[in-house]
Structure formats: structure tokens, C-alpha cells
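Each remark here refers to the structure printed beneath this line.
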Amino acid sequence: MPELPEVEVTRLSFADAIRGAIIEHVRLGKPLRWALGVDPRILYGQQVLEVRRRGKYLLLDLTDGLLLMHLGMSGSLAFRAELPLAGTHDHFDLITSQGGLRLHDPRRFGAVVFCLGEDDPRARKLLGGLGAEPLGDEFRVPDFHRALQGRRAPVKQVLLAGDVVVGVGNIYASEALYKAGIRPTVAAHRLGRVRVQRLHRAIREVLAAAVATGGSTLRNFSNVHGEAGHYQQQAMVYGRAGQPCYQCGSAVKTIRQGQRSTFFCPRCQRL
DNA sequence: AAAAGCCCCTGGATGC
DNA sequence: TGCATCCAGGGGCTTT
């Protein structure tokens, strides 16, 4: 579920509130994708210094370590002064002096992992291969172009892979390609400068717009206060198979790429 | 090195 | 109402 915009919206919704908090207790529910990796009591007494994001990972900087959090497909966080009794899918609680942070994740593809720092082998393994931050200055057209030149896979799948650019998931990949007028099936290396430039711009615009509207809420996503996002209402192609393209009226098509659905307009996205 | 498949897990929607 | 099937916002790991 959560792509970069949802993760960023989540981060923004509690970073200020938790900054400076002292961890008092940890409650673990059912196992997530990966184990925490340490005795939870290691966290007790540590202070939460900052909340950052790298791709779809949230990074909680602690006094003496780093907590990596991932929301997987169905995860969401809640942060409130007092956490209610844990429900069936509440699998991680971080009780602090300033409130409780809770991970709710029905499918349990999410994870919370403790690392000593970003140089910790565990952190390097998860973060080391990530591509450029699409909303950051390091995401530049020439680099993007060069990276795409080395890929023969369909551009949609290269975007999803996350080693060229991070944070673009299944919704925003389709949306960005639509905005750029590029067919999702085109081999990445066949894109010329102009197309790459358009795609670069489209990715940034789509992600920024999604953050601004609180992300997309398809099922359960909400920020830390339980507020849903609205970007799905302005999706041009995602989830609109068979419906008329807003620009040209052609029926939006859906195909399978790497066991994921892709949506595009056959007329507006010719190459 | 890159690409393609396979899984992990639960729940909701759809069809019979 | 019950049951089977398919699909879902991710991504690490293994195999080609």
C-alpha cells in the first residue's frame, strides 16, 4: 500500500510529536516480515532524536541506534498520547514519554528492525542498494538517463525495482508514466533524452502532488491521526480499467507486468 | 549484472 | 449462507 507519498505523509504526521521522546516500553505482536533483531529492552531509555525517510523506509534515529520501519503492503502507523488495547493486527507498539507509536499491519509484510546505525550490516543490506530520492536534488536527469540506458526491462518494472529511483510503487508508476505519455511496456533503454526528461518531471510532480493531498487511501491507509488521503480521487489511470481516459476518452487498459497490474491509456501513451 | 519468478500473509470482492 | 478463486499499495531472495 504505502508508496513514498504515504510514507512521507506518515512521517510528517508524527515526526514533531515524537522528537525528543524517551522510549519506555515496547510491545510485540505477531511476527512481522523480519524480527526486531535485539532484545526490545535495548530500546528502553533511548531518546528518539529524529524521524527520517529513505525510499519507503522510515528511520527513527535513537540515542544509540536506529529503528528501521517499513509499512509493507498494508501497514499504517498511529501515534497518540494513550494507545488503546491492542487489536488483532497491531504488531508493534513503541511506548514513549510523549505518546505511543503503533504499527497496524494485517498482512504483516511490514517490519521494524533495530540497527546500530546506517553502517550496520543489517541496515546496509536493506538501504544500500536503493536508488535516488525522487524529490531530492540528487535525482537528476543525466543520471536517470544513464541508469535507464543500462536496462532492457520495461520501464514500469524498472521504476518499481527501486534501484534507480526509490518510492515509486504500483500506483504512482502508472500515474507518472501516464503523465509523461510513455507506454509502460517500453524497454527502459529505448527512452531518449526528451522522454526521460518528461518522466523525471512527471515522477516528481505526481509524488509531490500525492504528498500534498495526504497520499492515496485505497483501503485502510491513514496518517498517524487516522486521516485518510485523497490522491486516489485524482488518479488518471490507476484502478480505472475500461473507463474513459480523462484526456482522450479511450478506454483505459490494464495489463500484467511482473505479477502486478499496470494501467495506461493506449492513445495518450504511445511511446 | 540484470531479469524473471516465488514467496511471505490476511481480507475483501466476486462468482457459483 | 458457504466455499473457492482472485486480487491487493512491497520487496528480498533464488534461479535463470
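The values are calculated or read from the model by the stated rules, or taken from the named source; none is laboratory data. Predicted model, so just to flag it, every value in this text is computed and none were measured. A quick note on method: Cβ atoms are made from the backbone with ideal geometry, for glycine too, and the neighbour counts reach across all protein chains shown.
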**Item:** Test: A:Val211 is more than 15 Å from DNA strand B (Cβ to nearest atom) and in contact with a Lys or Arg (Cβ under 8 Å, 6 or more places away or on another chain)
**Value:** no
**Message:** Quick check on region A:161-179: of everything there that is buried (at least 23 other Cβ atoms within 10 Å of the Cβ) and in a helix (DSSP H, G or I), which residue is nearest to DNA strand C (Cβ to nearest atom)?
**Reply:** A:Ile171
**Message:** Being at pLDDT below 95 and either within 14 Å of DNA strand C (Cβ to nearest atom) or not assigned by TED's automatic domain parsing to the domain that holds A:Asn220 (or both) is true for just one of A:Pro2, A:Pro31. Which residue is that?
**Reply:** A:Pro2
**Prompt:** Taking into account only those residues within region A:1-16 that are surrounded by fewer than 19 Cβ atoms within 10 Å (Cβ to Cβ) and hydrophobic (A, V, I, L, M, F, W, C), which is farthest from A:Ser261 (Cα to Cα)?
**Reply:** A:Ala15
**Complete:** Taking region A:70-79 and keeping only residues that are farther than 14 Å from A:Phe14 by Cα, aliphatic (A, V, I, L, M) and surrounded by 22 or more Cβ atoms within 10 Å (Cβ to Cβ), one is left with A:Leu71
**Message:** Just the residues that are within 15 Å of DNA strand B (Cβ to nearest atom) and either part of a loop (DSSP other than H, G, I, E, B) or out of contact with any helix residue (DSSP H, G or I) (no Cβ under 8 Å at 6 or more places or on another chain) (or both), please, taken from region A:184-207.
**Reply:** A:Pro184, A:Thr185, A:Val186, A:Arg190, A:Leu191
**Complete:** For A:Val211, the lone unmet condition from (1) in a helix (DSSP H, G or I); (2) more than 13 Å from the chain's Cα centre (by Cα) is (2)
**Request:** Select from region A:27-56 the residues that are assigned to a strand (DSSP E or B) and within 16 Å of DNA strand B (Cβ to nearest atom) and list them in ascending order.
**Result:** A:Leu28
**Residue ID - nearest to the chain's Cα centre (by Cα), chosen from residues in region A:254-271 that are within 13 Å of DNA strand C (Cβ to nearest atom) and charged (D, E, K, R)** = A:Arg260
**Item:** Single match in A:Pro40, A:Pro84 (criterion: away from DNA strand C (no atom under 16 Å from the Cβ), out of contact with any strand residue (DSSP E or B) (no Cβ under 6 Å at 6 or more places or on another chain) and at pLDDT 95 or above)
**Value:** A:Pro84
**Item:** Unmet criterion (only one of (1) surrounded by fewer than 21 Cβ atoms within 10 Å (Cβ to Cβ); (2) under 16 Å from A:Ser13 (Cα atoms)) for A:Pro106
**Value:** (2)
**Asked** Does A:Val224 satisfy being over 15 Å from A:Arg267 (Cβ atoms) and within 16 Å of DNA strand B (Cβ to nearest atom)?
**Response** no
**Asked** What is the residue count in region A:215-242 for residues that are within 10 Å of DNA strand C (Cβ to nearest atom) and either assigned to a loop (DSSP other than H, G, I, E, B) or hydrophobic (A, V, I, L, M, F, W, C) (or both)?
**Response** 13
